[in-house]
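Notes to accompany the following structure.
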């Protein structure tokens, strides 16, 4: 699996912490109404469903390497544009003299 940025990993850990807390609350609420075994099965189903949805949603996110390549490419274009602009200005000034 590709590397995911540090910030995104921390965000996922934070979300998973609250998912676990909510999972316990869901389990306790279901246990009272449906019984222990049914509550476990339903909670496991919800957990699996959430994990698959998160995996599908994060599938298209850019990796750190992709972001770095894009950043380098943007910097190259910025430098090329700046160099072209400077050359145009310098040649314009020299032509005026």
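The values are calculated or read from the model by the stated rules, or taken from the named source; none is laboratory data. Just so we're clear, the structure is a prediction, and the values are computed from it rather than from any experiment. When we count neighbours, we look across all protein chains shown, and the Cβ atoms used for this are built from the backbone with ideal geometry, even at glycine.
Taking the listed residues 8, 45, the one that is modelled with pLDDT of 75 or more, part of a helix (DSSP H, G or I), out of contact with any strand residue (DSSP E or B) (no Cβ under 7 Å at 6 or more places or on another chain) and surrounded by 10 or more Cβ atoms within 10 Å (Cβ to Cβ) is 45, with no other qualifying. Remark: residue 67 matches the filter, which requires a residue to be part of a helix (DSSP H, G or I), surrounded by 10 or more Cβ atoms within 10 Å (Cβ to Cβ) and modelled with pLDDT of 80 or more.
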